[in-house]
Every structure is written in C-alpha cells, then in structure tokens.
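Heads up: the structure comes next, in structure tokens.
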Amino acid sequence: MKILEGKVAIITGSSRGIGRIIAEQLADLGAKVVINYSSNPEKAEEVMEGIIQKGGKAIALQADISKLGDVEDLFTKTIDKFGKVDVLINNAGLMINKPLADIREVDFDKQFSVNVKGTFFACQQAMLHMENSGRIVNISTSVTGQMFPAYSVYAGTKGAVEQFTRQLAKEFGSKGITINAVAPGPVNTELFNIGKTEQQIEGMKKMNAFGRLGEPEDIANVIEFLVSDKSKWITGQTIRVNGGFI
Ligand SMILES: NC(=O)c1ccc[n+]([C@@H]2O[C@H](COP(=O)([O-])OP(=O)(O)OC[C@H]3O[C@@H](n4cnc5c(N)ncnc54)[C@H](OP(=O)(O)O)[C@@H]3O)[C@@H](O)[C@H]2O)c1
C-alpha cells in the first residue's frame, strides 16, 4: 500500500513550479490531489491529466488564495469531490523585488495578500475542516535568513509565514495536526529565474555547497517526509532546504 493511500491533499499554486512537482509526488504516493491555480487553467489541467494518466486521482480548481471567499470555496469543492482534507501545502506565492525607494503600495499589498493572507486563511480552513493526523506545510524562503537588497517585502511576508507556523502549532496540536514550514533557497522556477541575468543566476549557484540551483524535486522530497506518518513528532518548525545556502 502506498503511504498516502486514502489521503486528500490540497496544494495551492500547483499548476507549475515547485507546487506542480509536490502535487505529482504526493499523487505518486497515493494521495488524491487538488491542483490549485489562479490564472492559468491550461497548465493546471495538464498537471491533472498527467496524474490521471499515471493512474492517480486529481482535480484542478481555480481559486485566488488572496481572496477569503476563494479559499473557502477551494475547501468546500475539495470536500464535495473527495470527502475530506488531510494535507494542506500552502505553496502559492509571489515575489516582487525592488529597492525600498521604488516599492509601491500595490507591490506591498499584492505580496502580503497572496503570501500572508492566503496562507493564514487556508490554515483557518484547515482548522475548520481537517481531521486528526492532518498535515500542513507552509512554504517560506531561505531569504528570511540570508539578506539581499530588494527582497525586503518578500522576506517580510515569509517571516510572517514562519511566525504563523510556530504560533499555530499548539492550536493544531490539540487536533493531532502538525504544521511546519519548508524554506527553500533559490529553486529553478519562473519565480526565481524571471528578471535575473545569467551572471546573477551563476552567482546564486555559488552560494550553496553544491554549486547548482535547487530543483523542485529537492523541495518536494522533504514535503513527502513532512506529510508522512514518520514526521508526527515534528511541528512548529521551519526546515531550510537549500543545499547549504545559509
Ligand atoms: N523558486 C524559488 O527560488 C523559491 C525559493 C524560495 C521559496 N519559494 C516559494 O515557493 C513557492 C512556489 O514558488 P515557485 O517558484 O514554484 O513559483 P512559480 O513558478 O511562480 O509558481 C507559482 C504558482 O502559484 C500560483 N499562484 C500565484 N498566485 C496565486 C494566487 N493568488 N492564488 C492561487 N495560486 C497562485 C501560480 O498559478 P497561476 O499561474 O495560475 O497564477 C503557480 O501555480 C512560493 O511560495 C515561493 O515564494 C520559491
């Protein structure tokens, strides 16, 4: 029997990037997975079809996780289709890097509404709907510890995510649910690559112990452990997954 057989997992922002690989790996382990996206149905359906073709179970659901009503609908539709929610991966996120003097109100609000508000209210839905031995993993970033110019708002959003993770552990513990954060270093996805020069990317590769970028699989492999029964004594923690970047 596969280790996530019978479990239902929502992975926010799983139409591409790190979320896509998490969804595919959890489906390979037997979970029924919800592929969530905000604006790109084709990509989400491609992920869903790929999982179904391999014999897995998946649905694609649109929900802008910065909107509370969409987050509530995401849980309601998941429960209508699969009957429950056992695993929540708060992965959807965006990054707008600018020096302090150039940051506009909209840049600040967008990042806080997706990265912080979205994660927080998805956790609230998990509290309302998730049962004993549920698993929540929030995606942070290693730049909460490695300071770069122009990352201030983004790093601030993820600092809040790490604090929620610590703060909520005892509330979720009373229901037998664990909540942890995974903080990747630079990972080879659109979010990281867009707007960077080849030289900047090469510089980033040199900052870890192995001289390469992380790949989404490097992150998803740790998520596999954190959603398994083997991680049941770990909660409220942030685990940096970055090849020694910091
Ligand atoms: N890549 C890195 O180097 C890195 C490092 C550390 C941490 N992270 C974190 O890892 C997570 C995933 O990053 P990634 O690199 O995989 O990003 P990505 O390649 O840009 O993918 C982002 C995903 O999130 C979805 N999304 C964006 N806004 C959304 C919203 N409002 N509601 C629902 N879904 C939304 C996108 O769907 P649509 O296309 O439909 O909008 C897409 O599926 C983020 O939280 C990011 O901060 C990434």
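Bear in mind that the values in this text are calculations on the coordinates, not laboratory data. Quick caveat, the model's predicted, so the values are computed rather than measured. So basically every Cβ, Gly included, is an ideal-geometry build from the backbone, and we count neighbours across all protein chains shown.
Scanning the range 179-199 for residues that are within 18 Å of residue 240 (Cβ to Cβ) and either aliphatic (A, V, I, L, M) or more than 13 Å from the ligand (Cβ to nearest atom) (or both) yields 179, 180, 181, 182, 183, 187, 191. Looking only at residues in the range 153-168 that are hydrophobic (A, V, I, L, M, F, W, C) and over 13 Å from residue 126 (Cβ atoms), the one that is surrounded by the most Cβ atoms within 10 Å (Cβ to Cβ) is 161.
Could you list, in sequence order, the residues of the range 62-71 that are surrounded by fewer than 22 Cβ atoms within 10 Å (Cβ to Cβ) and among the aliphatic types (A, V, I, L, M)? Once the filter is applied, which keeps residues that are surrounded by fewer than 22 Cβ atoms within 10 Å (Cβ to Cβ) and among the aliphatic types (A, V, I, L, M), the range 62-71 yields only 68. Just to be sure before I move on: is residue 51 more than 23 Å from residue 175 (Cα to Cα) and either in a loop (DSSP other than H, G, I, E, B) or touching a residue at least 12 places away in the same chain (Cβ under 8 Å) (or both) in the structure I sent? So residue 51 fits the description; yes. Summed over the range 22-46, residues that are within 9 Å of the ligand (Cβ to nearest atom), assigned to a helix (DSSP H, G or I) and either surrounded by fewer than 24 Cβ atoms within 10 Å (Cβ to Cβ) or aromatic (Phe, Trp, Tyr) (or both) total 2.
Considering only the range 176-207, state which residues are surrounded by fewer than 18 Cβ atoms within 10 Å (Cβ to Cβ) and either within 18 Å of residue 163 (Cα to Cα) or hydroxyl-bearing (Ser, Thr, Tyr) (or both). Scanning the range 176-207 gives a single hit, 197. As a summary of the residue check, residue 164 satisfies the conditions (1) within 12 Å of the ligand (Cβ to nearest atom); (2) under 28 Å from residue 71 (Cα atoms) except for the one numbered (1).
Just give me the residues in the range 207-243 being part of a loop (DSSP other than H, G, I, E, B) and among the acidic types (Asp, Glu), in sequence order.
To start, the set of residues in the range 207-243 that are part of a loop (DSSP other than H, G, I, E, B) comprises 207-213, 215, 227-228, 232-237, 242-243.
Once the filter is applied, which keeps residues that are part of a loop (DSSP other than H, G, I, E, B) and among the acidic types (Asp, Glu), the range 207-243 yields only 215.
Of everything in the range 204-219, what is more than 30 Å from residue 236 (Cβ to Cβ) and either polar (S, T, N, Q) or more than 14 Å from the ligand (Cβ to nearest atom) (or both)? Give them in sequence order. I'd like the intermediate steps shown before the answer.
Applying the first criterion (more than 30 Å from residue 236 (Cβ to Cβ)) to the range 204-219 yields 205-206, 211-212.
Across the range 204-219, the qualifying residues are 206, 211.
Would you confirm whether or not the range 72-82 contains a residue that is in contact (Cβ under 8 Å) with a residue 40 or more places away in the chain, within 21 Å of residue 222 (Cβ to Cβ) and surrounded by fewer than 20 Cβ atoms within 10 Å (Cβ to Cβ)? Within the range 72-82 (the criterion being in contact (Cβ under 8 Å) with a residue 40 or more places away in the chain, within 21 Å of residue 222 (Cβ to Cβ) and surrounded by fewer than 20 Cβ atoms within 10 Å (Cβ to Cβ)), the answer is no, since none of the residues qualifies.
Every residue, every condition in (1) aliphatic (A, V, I, L, M); (2) farther than 28 Å from residue 183 by Cβ, yes or no:
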residue	(1), (2)
39	no, no
45	no, yes
96	yes, no
102	no, no
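Residues in the range 80-111 that are among the hydrophobic types (A, V, I, L, M, F, W, C), within 12 Å of the ligand (Cβ to nearest atom) and not in a loop (DSSP other than H, G, I, E, B): 89 only.
With respect to the conditions (1) more than 10 Å from the ligand (Cβ to nearest atom); (2) out of contact with any Asp or Glu (no Cβ under 7 Å at 6 or more places or on another chain); (3) assigned to a strand (DSSP E or B), residue 176 lacks only one, and its number is (3).
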